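The values are calculated or read from the model by the stated rules, or taken from the named source; none is laboratory data. What you are looking at is a predicted structure, and each value in this text was computed from that prediction instead of being measured. Here Cβ is always computed from backbone atoms with ideal geometry, including for glycine, and neighbour counts include all displayed protein chains. Note: accessible area is taken over every heavy atom of the protein model, side chains too, but ligands, DNA and RNA are not part of it. Shrake-Rupley method; radii C 1.70, N 1.55, O 1.52, S 1.80 Å.
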Amino acid sequence: PSFVGNPDLVPETANTYNAGYSWAGPRAQISADYFHADVTNGITFDLSGFPFTYANLREYTSQGVNLSGSVALGGGFTPSVAYTYTNREDAAGVKIGGIAEHATMVKLLWMHERSGIRANIRGDLVSALPPATDGSYQPAYQVWNAQFAARILRRGSNTVSMYVQVGNLFDESDVFLYGANGQ
């Protein structure tokens with residue numbers, strides 16, 4: 001296996017709160033929320049050796065916002081966007097790596113309800129990850145995916161559909177963690 005357990009791992013604990021608002025109308029919806037967590041013994045990946053394992057982080061605070069919205073346009077088109085800002089730092093103000101500060105998802109869905117055909121293109125745009133405790137990091141990246149689905153059988157409220165999905169349309173490479181040495 002590429003990951004093994006860590007018998008010295010201590011349970012993660014957190015005091016958390018969040019507040020948000022969501023609204024949905026006949027053609028549009030929006031949501032926003034704020035989150036805050038005071039974390040003790042946070043659990044993270046430890047990629048410093050092989051096989052990989054898990055490790056505890058020092059105490060830190062994680063806070064941020066989630067925003068999302070979509071609108072049903074004419075012709076079966078529904079664009080949507082979601083954004084998350086996350087700030088994780090310890091009491092001294094040192095950034096805690098492992099999670100991107102900025103992550104955005106954009107999607108354009110097209111659907112023909114009567115025929116049961118759906119198609120979408122989705123982009124995930126992720127900022128660089130601050131270095132983790134083991135020195136690993138991840139550069140900023142974008143990954144785009146497309147999907148096409150068609151209903152092939154309908155019996156009452158049951159349907160059978162087939163779909164084709166193409167991931168990483170633009171063949172983005174090196175979007176995963178790098179070690180402290182850049183490899």
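Out of curiosity, is L9 touching a residue at least 60 places away in the same chain (Cβ under 8 Å) and farther than 30 Å from G76 by Cα? Lay out the reasoning, then the answer.
Details: touching a residue at least 60 places away in the same chain (Cβ under 8 Å): no; farther than 30 Å from G76 by Cα: yes.
Here the answer is no, as L9 does not meet what is asked.
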Taking into account only those residues within region 91-119 that are open to solvent by 60 Å² or more (accessible area, probe 1.4 Å) and in a strand (DSSP E or B), which is nearest to L67 (Cα to Cα)?
H102
Take the residues in region 152-162 that are modelled with pLDDT under 95 and part of a strand (DSSP E or B); name whichever of them is farthest from the chain's Cα centre (by Cα).
R155
Mind listing whichever residues of region 47-78 are touching an Asp or Glu at 6+ places or on another chain (Cβ under 6 Å), buried (at least 16 other Cβ atoms within 10 Å of the Cβ), farther than 25 Å from R122 by Cβ and of a type outside the set (V, I, T)?
L47, A55, Y60
On the given criteria, is A37 under 30 Å from V71 (Cβ atoms) and surrounded by 13 or more Cβ atoms within 10 Å (Cβ to Cβ)?
no
Are there any pairs, at least 6 apart or on different chains, whose C-beta atoms fall under 7 Å, with the first in region 138-150 and β-branched (V, I, T) and the second open to solvent by less than 30 Å² (accessible area, probe 1.4 Å), and if so, which?
V143/V175
